[in-house]
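Q: I have a structure I would like to understand better, so I am pasting it below and will then ask my questions one at a time.
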Amino acid sequence: MAAAPRPDLLDRLAIQTTGRDRTQLLRRLRTIEHADGPWVETGGRRLLSFCSNDYLGLAQHPQLIAAFKRVADDEGVGSTSAHLICGHRAEHAALEEALAAWTGRERALLFSTGYMANLGVLQTLLARGDICVQDKLNHACLLDGAQLSGAELKRYPHADVAAAARQLASRSEAAALLATDGVFSMDGDVAPLRELAALCAREQATLMVDDAHGLGVLGEGGSGSVRAAGLGERDVPVLMATLGKALGCAGAFVAGPAALIDGLMQFARPYIYTTAMPPALAAAALTAVELAQTEAWRRQKLTALIDRFRRGAAELGLPLSASTSAIQPLLLGSADAALTAALTLERQGLLVSAIRPPTVPQGHARLRITLSAAHEEDHVDQLLAALEILRLPAPSPHPA
């Protein structure tokens with residue numbers, strides 16, 4: 001009897017893609033032809049964007065551009081190698097020192113992306129037989145890193161410290177890491193970091209915080225959500241944050257005690273086997289770190305814009321989530337409702353992302369509105385006026 005034909009992988013993938021299209025979940029690529037502060041040009045149209053992560057408005061700052069150009073003129077573009085061969089330049093070393101000092105850490109280590117940083121940390125620290133406890137709304141790279149490490153991944157309901165405690169207690173004999181976002185990327189709320197730190201101290205677990213959306217925005221001098229919670233390196237030994245959001249550049253870093261950084265240099269495969277970021281980019285990021293600390297008016301302006309938007313949204317009865325960060329999710333429930341709202345806003349000259357499953361759970365589709373210090377008050381008012389015209393209904397009830 002002849003064997004059944006082997007499934008074709010590309011055919012299977014095409015079927016899965018078609019399924020997403022039928023359910024209004026297909027992701028589509030948009031090309032931005034030009035950016036000018038909060039304005040973007042795409043498809044021949046000029047749109048006011050409320051979906052970038054440039055929280056401090058630094059991405060096009062002339063000092064960052066000048067730093068990038070200066071080093072590119074001197075050193076070229078590519079670093080030509082991994083850090084451990086000949087790719088680690090003076091610009092990288094200076095940036096690592098500045099990031100460690102800013103976040104109150106002994107050392108810092110650069111990675112090319114936040115995704116790679118989290119994979120590197122989790123694969124290095126965890127092994128089979130260990131346990132990794134995570135918030136259900138953590139970023140995908142934290143979840144992927146735990147799964148790839150071989151450790152047992154246990155997830156607790158969002159921000160539920162008691163549930164996290166039960167998960168840790170279920171494997172009291174195992175080495176344990178608890179990982180959480182500092183500011184959650186799709187909900188905009190801040191993790192209960194003080195309570196999680198106290199829990200980890202009681203349970204002898206290591207606490208890791210991904211502060212991609214908190215660095216630059218929260219804490220004294222923009223030092224992040226961990227410092228804003230009054231916590232330090234002893235409370236949160238592992239800190240990851242990115243350079244591509246509030247700092248307006250690209251890349252990421254991990255900061256913590258020397259033992260952590262030395263170990264990552266030896267065992268973190270995404271660090272060891274990847275070309276270092278361009279030295280010109282590191283120079284631009286160093287300038288951004290300096291500006292984020294010295295130009296406090298950027299955080300003050302951002303806070304004022306967030307307050308203005310939330311007050312206006314409350315007056316309109318809009319279904320906002322409970323976020324005080326630059327991320328302001330407008331909860332609509334269905335993917336179709338979120339897509340329709342985003343397209344309607346685009347016709348009015350506003351670019352806002354519709355976030356749908358699987359990025360968020362079923363029934364939790366939303367408009368992810370992000371504010372920036374590059375926005376002005378009249379921009380926020382324009383957005384509110386457009387949302388009022390939409391007359392958005394409250395999302396239908398759904399399971400938590």
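The numbers here are math on the coordinates, done by the rules we state, and not lab data. Values in this document were obtained by computation on a predicted structure and should not be read as measured data. Methodologically, a virtual Cβ is constructed for each residue, glycine included, from the backbone with ideal geometry; neighbour enumeration extends over all protein chains shown.
Q: Please work out the ratio of the alpha-carbon Rg of the chain to 2.2 N^0.38 Å and round it to two decimals.
A: On the way: Rg = 21.8 Å, N = 400, 2.2 N^0.38 = 21.4 Å.
Expressed relative to 2.2 N^0.38 Å, the Cα Rg reads 1.02.
Q: Moving on. Would you mind working out the magnitude of the charge dipole of segment 78-294 relative to its Cα centre, with +1 at each Lys and Arg C-beta and -1 at each Asp and Glu C-beta, to the nearest 20 Debye? Mind dumping the intermediate values first?
A: On the way: 15 positive and 22 negative charges, 64 e Å.
The dipole of segment 78-294 has a size of about 300 debye.
Q: How much net charge surrounds Asp36 when only the other residues with a Cβ under 14 Å from the Cβ of Asp36 are counted, with Lys and Arg +1 and Asp and Glu -1?
A: Details: positive: Arg45, Arg46; negative: Glu33, Glu41, Asp54, Glu376.
After counting each charged neighbour, the total is -2.
Q: To continue, here is another question. Given the options Gly317, Leu10, Leu390, identify the residue whose Cα lies farthest towards the positive end of the charge dipole of the chain (+1 on Cβ of Lys, Arg; -1 on Cβ of Asp, Glu).
A: Leu10
Q: Once label points are set 7 Å from the Cα along Cα→Cβ at both Arg45 and Ala162, what is their separation, rounded to one decimal in nm?
A: The modelled label-to-label distance comes out at 4.8 nm.
Q: Could you give the nm distance between label points at Ser172 and Glu315, where each point is 7 Å from its Cα heading toward the beta carbon?
A: Reported label-point gap for Ser172 and Glu315 is 5.6 nm.
Q: Given a 10 angstrom Cα cut-off, can you work out which residue in Arg12, Arg202, Arg70 is the most mobile in a GNM of the chain?
A: For the chain, modelled as a Gaussian network with Cα springs under 10 Å, the answer is Arg12.
Q: Estimate the FRET efficiency between Asp73 and Ile272 by the formula 1/(1 + (r/R0)^6), using the beta-carbon distance for r and 35 Å for R0, to the nearest 0.05.
A: On the way: r = 30 Å, r/R0 = 0.85.
With a Förster radius of 35 Å, E is 0.75.
Q: May I ask you to list the GluC sites (Glu not before Pro) in segment 168-269 that are in a DSSP loop and have at most 10 other Cβ atoms within 10 Å of their Cβ?
A: Working: sites: Glu173, Glu195, Glu203, Glu220, Glu233; in loops: Glu173, Glu233.
Counting only loop positions with at most 10 other Cβ atoms within 10 Å, the GluC sites (Glu not before Pro) in segment 168-269 are Glu173.
Q: What's the extension gain from Gln204 to Ala127 if we count 0.36 nm per residue and subtract their Cα-Cα distance? Let's see the in-between values first.
A: Details: separation 77, 0.36 × 77 = 27.72 nm, distance 1.69 nm.
Gain on extension, Gln204 to Ala127, equals 26.0 nm.
Q: Please turn the phi angles of segment 78-88 into ³J(HN,Hα) values with the Karplus equation 6.51 cos²θ - 1.76 cosθ + 1.60 (θ = phi - 60°), one per residue in order, whole Hz, x for glycine and proline.
A: x, 7, 6, 6, 5, 3, 7, 9, 9, x, 7
Q: Take each uninterrupted DSSP H stretch in the chain, measure its Cα extent along the helix axis, and return the ones at 27 Å or beyond whose mean Kyte-Doolittle hydropathy is at least -1.0.
A: The answer, listed by residue number, is 297-316.
Q: Counting alpha carbon pairs within less than 8 Å and at least 6 residues apart, what relative contact order, in whole percent, applies to the chain?
A: On the way: 788 pairs, mean separation 86.1, N = 400.
Value for the chain: 22 percent.
Q: Calculate for the chain the 222 nm mean residue ellipticity that helices alone would give, adding -39,500 (n - 2.57) per DSSP H run of length 4 or more and normalising by residue count, nearest 500 deg cm²/dmol.
A: On the way: 14 runs with 165 residues, N = 400.
Calculated from helices alone, the mean residue ellipticity at 222 nm is -12500 deg cm²/dmol.
Q: Something else now. Once both labels are modelled 7 Å past Cα along the beta-carbon direction, what's the Glu376-Met265 spacing in nm?
A: With each label point 7 Å from Cα toward Cβ, the separation is 4.9 nm.
Q: Evaluate E = 1/(1 + (r/R0)^6) for Ala385 and Thr340, where r is the Cβ-Cβ distance and R0 equals 22 Å; express this FRET efficiency to the nearest 0.05. Please list the in-between numbers first.
A: Numbers: r = 18 Å, r/R0 = 0.83.
Given R0 = 22 Å and the Cβ-Cβ separation, E is 0.75.
Q: Let me ask something else about it. Any idea how far the Cα center of segment 312-331 sits from the one of segment 106-137, in Å?
A: 31
Q: Among the listed pairs Lys69/Lys301; Lys136/Lys245; Lys154/Lys245, which have their C-alpha atoms separated by more than 26 angstrom in this model? Can you show the working numbers first?
A: Numbers: Lys69/Lys301 28 Å; Lys136/Lys245 22 Å; Lys154/Lys245 29 Å.
Those over the limit are Lys69/Lys301; Lys154/Lys245.
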